[in-house]
Amino acid sequence: MVSSKKQVSDLVYPLLDTENSRWFYFSSASRPFGMVNLNPDTEIKGDWGGGYKYTTDTVKGFSHVHEWQLSGVSVMPVTISKENKASIFKDFYSKFSHKTEIITPGYHSLKLDRYQITAALTSTKRVGFHQYTFPVKGQKAVLFNLNTILGPCENTEGKLEKNNDYELSGSLVLSTNFRRPKPLTVFFKVKTKEPITSVEKDNTTGNFLVYFNEKTPTVLMKVGISYTSIENANNNIETELPHWDFNKTVSDSKKEWSDLLGRIQIEGGTQTDQRRFYTDLWHALQGRKMISDANGAYPDNSGDRFRIGHLPLNAEGKPKFNHYNSDAFWGAQWTINNLWGLVYPEIMEEFVHSLMQYYKDGGMIPRGPSGGNDTYVMTGASATPFIVSAIQKGIVKEDLEEIYIALKKNHMPGGIMEKAGYEHKTNIGGGLKYYLEKGYVPYPLPEGNFGSHEDGASQTLEYAYQDWTLAQLAKKLNHEEDYNYFMKRAQNYKHVFDQSIGWMRPKDVDGKWRENYDPYQYENGFIESNGAQSTWFVPHDIEGLAKLMGGKEKAVTKLNEQFETAKKQNYTSGTSHDAELHPEFSRIPVNFGNQPSMQTSNIFTVLGRPDLTQYWTRNVVKETFSGLSPSTGYNGDEDQGLMGSLNVLLKLGLFQMNGGTDKDAVYQIGSPIFTKITIQLNPKYYSGKTFVIKAENNNDQNVYIKDIKYNNKSVKDFTLSHKEITDGGELILKMSDK
């Protein structure tokens, strides 16, 4: 292993929550947002519980793609003996022990007990780099398992051919599923440092064995990936990994991770608090993988037939941005919007350009693209707040009119709001025509089922918030008529609030409230939540919601009681996403394990009770998001950086209730868990050098802020604008137990 000098990335605990793994959840030998996400797979079939699952003691291959609806190129080093020669193509798995494992961001090594092979893995953005140390005796080989089920999809039509003694090339097809209905080809190029003696194909399994010279103790192998061609896979290797220095690649990867993670420096808290913080931050930076090649070629599946697109190039002939695959932006308003916008504006800008590239190709900004086309995951126009936030923060400054037209299209008939989850061929499930006619989406939808998550009350709340965010952009660009139109739509949340019972409540198409309504029943008109949790989903108008509830005091009392009840269950519906369906767990009135109510502890600040935000947020962090263990971590669905980002924000004491989409992109100041936090600001975007938070006398008991000053001036309402923060300065919080 490389240099022993401690770096920020060494504080990361990659095994967090790996008992509840998901195909794209775990990451080890990967770069930030890399096309290649190389790690061992202990469970290969199925999305949930797939990939690297801590409780399974068997390696079934090392695969290169762990991503939203994508998988592929699984390899396994083996030693061939007389005993296993006949069965090796089918029977090649190996036991391993966590005791022999070393995992840090950018690196994974372990010992395959069955073969006594030590496998070490690292990567660049688009190239997996393998180092296998074989035992002295036995025929050395690497098995390519190209026709199999990996995670969410089947790998089919696997091909591999030897080009010369040091090179192979191949491809496989990712077959369709109900989320990604168009196939996608993964092309790959393999280069080895040691000569390949022969390649053997097994016709029953379609697997390939690549043999190496028996005298070679170590085999070094590079695997470049591309979604466009073998030539581009080869070019990715030549561009990113021209050398054979494995340790250099590991240290480069560590440095890349440490540079990003080190943008936030923390002091105070326990060693576990600090390690958990950087693990959360690491998760915030590792979902959502690039699909464009080093030269800017990318797969475009948005039209009738597949085409290879090319990203715009800068003066040096390099792509201006990378193109991305991505799970939903559903819930991103309280997570990556806030965190990326402040600490990683260059990442936020790149994603906006990528989303706009989908619009230029296919005529629609997606909400969860995979394999070059939208999957229509979840509901609504969830990319709108993300893009509006980037504009309000001054991160995206050009082509605003074109962006506005593209966003507006999604909010109108023919746009993405019309589609429910995974609704590819129809556009009825979103219920938009009713939302426009009646001011709400009915539940149930009278036409029947066309997609997932046809939960009318939730859809109404989501659309109203997203309409409000679009209205803010309309106002910025002086579209007064549009501004008024979308602001009126933003009030539609009131149509699903039943004042007689004080909860959001589904209505049918005739305007009748749902009968025998139970606000604690899960997914009863509400998406991945219950009515009690989703009642608070009005990020753009908390004060208007409080008015409906009979005033701020009543609203505060109501929400506080919900927290008192939720405390008994540690504020989550069990410790995993599937536990939410448990009849008892699902009745919790606040759930921090999923997106719909993860903002709730910060609502108190908006209602004039910052002390309750401070108290409850610190409690949620302590009880729910503190430990380092494979068995828990996010107590729900991490969704490619969303829960990681939320954790970081709660621990920094910074939040944006409306997702940073208002004119000043205001942050609410909460109670940080550290005594000093220094955020390095990106000089390309912001004039300040650093934003520093000092929390004097901070500890487990002193969770309340008794005095708050920014650059020696008092801070009113516990809020600071994005510009005030990014112009740089020092926020001094005096902490107290009262």
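Just so you know, all these numbers are worked out from the coordinates, no wet-lab data involved. Because the structure is predicted, anything quoted here is derived from the model rather than measured. When we count neighbours, we look across all protein chains shown, and the Cβ atoms used for this are built from the backbone with ideal geometry, even at glycine.
When both segment 653-668 and segment 548-597 are represented by their alpha-carbon centers, they are found 23 Å apart. Would you please classify the overall shape of segment 541-619 from the alpha carbon gyration tensor, given that a ≥ b ≥ c denote the square roots of the eigenvalues, rounded means a/c under 1.5, and beyond that prolate means a/b larger than b/c while oblate covers the rest? Cα axes put segment 541-619 in the prolate bin.
Dipole check for the chain: with +1 at the C-beta of Lys and Arg, -1 at the C-beta of Asp and Glu, and the Cα centre as origin, the magnitude is about 1220 Debye. For residue 100 and residue 581, the difference between the fully extended length at 0.36 nm per residue and the C-alpha to C-alpha distance is 169.5 nm.
Our coupling estimate for segment 399-415, obtained by passing each phi through the Karplus curve with A = 6.51, B = -1.76, C = 1.60 and θ = phi - 60°, is 6, 5, 5, 5, 5, 4, 4, 5, 5, 4, 4, 5, 8, 10, x, x, x Hz, Gly and Pro reported as x. Since only 166, 283, 176 are under comparison, the one whose Cα sits farthest along the positive direction of the charge dipole of segment 163-288, derived from C-beta charges on Lys, Arg, Asp and Glu, is 176.
What residues of segment 71-90 lie in the reach of a label at residue 199, counting those whose backbone N is under 19 Å from a point 7 Å from the Cα along Cα→Cβ? Label zone hits: 72-78, 89-90.
Take the Cα of residue 213, step 7 Å toward its Cβ, do the same at residue 692, and the gap between the two points is 5.9 nm. Placing dummy labels 7 Å off each Cα toward the beta-carbon, the span from residue 512 to residue 684 is 5.9 nm. Centre-to-centre, using Cα atoms only, segment 167-207 and segment 282-350 are separated by 25 Å.
What is the magnitude of the charge dipole of segment 19-112 about its Cα centre, with +1 placed on the Cβ of each Lys and Arg, -1 on the Cβ of each Asp and Glu, and no other charges, expressed in debye to the nearest 20? Before the final figure, lay out the partial values.
Numbers: 11 positive and 9 negative charges, 53 e Å.
In total the dipole reaches around 260 debye.
Expressed in nm to one decimal, what extension gain is obtained for the pair residue 560 and residue 360 from 0.36 nm per residue of sequence separation less their Cα-Cα distance? Don't skip to the end; give the middle numbers.
Details: separation 200, 0.36 × 200 = 72.00 nm, distance 4.63 nm.
Stretched out fully, the residue 560 to residue 360 stretch lengthens by 67.4 nm.
In summary, the lysines within cross-link reach of residue 53, defined as a Cα separation below 22 angstrom excluding same-chain residues under 8 places away, comprise 45, 90, 95, 99, 111, 289. Under a model in which nothing but the beta-carbon of Lys, Arg (+1) and Asp, Glu (-1) is charged, segment 582-738 shows a dipole of about 500 debye around its Cα centre.
To one decimal place, what orientation-averaged projected area in nm² is obtained for the convex hull of the Cα set of segment 8-258?
Working: hull surface 49.4 nm².
Its average projected convex-hull area is 12.4 nm².
Helix content alone sets the calculated 222 nm mean residue ellipticity of the chain: runs of n ≥ 4 DSSP H residues at -39500 (n - 2.57) each, divided across all residues, give -7500 deg cm²/dmol. Tell me, what is the FRET efficiency for residue 270 and residue 629 to the nearest 0.05, using R0 = 25 angstrom and their Cβ-Cβ distance as r? The value I calculate is 0.95. Among rounded, prolate and oblate, which fits segment 645-738 when a ≥ b ≥ c are the square roots of the eigenvalues of its C-alpha gyration tensor, a/c under 1.5 means rounded, and a/b larger than b/c means prolate? Since a/c reaches 1.5 and a/b is larger than b/c, the shape of segment 645-738 is classed as prolate. Placing unit charges on each Cβ (+1 for Lys and Arg, -1 for Asp and Glu) gives segment 265-725 a dipole about its Cα centre, and among 672, 576, 445 the Cα reaching farthest toward its positive end belongs to 672. Think of the chain as having a plus end and a minus end, set by charges on the Cβ of Lys, Arg, Asp and Glu; of 192, 592, 647, 192 sits farthest toward the positive end of this dipole.
Within a 10 angstrom radius of the beta carbon, how do 273, 165 rank from fewest other beta carbons to most? Could you put the intermediate results ahead of the total?
On the way: 273 17, 165 10.
Ascending Cβ contact count within 10 Å gives the list 165, 273.
Tell me, what is the percent relative contact order of the chain, built from C-alpha pairs under 8 Å that lie six or more residues apart? Before the final figure, lay out the partial values.
On the way: 1818 pairs, mean separation 81.9, N = 738.
Normalised by residue count, the contact order of the chain is 11 percent.
Can you give the angle from 0 to 90° between the axis of helix 271-284 and the longest principal axis of the chain, with both taken from C-alpha atoms, to the nearest 10? Tilt relative to the chain: about 80 degrees.
Here the spin labels are modelled as points 7 Å beyond Cα on the Cα-Cβ line, and at residue 90 and residue 701 they lie 6.7 nm apart. Annotation: the antiparallel percentage among DSSP beta bridges lying fully within the chain is about 95.
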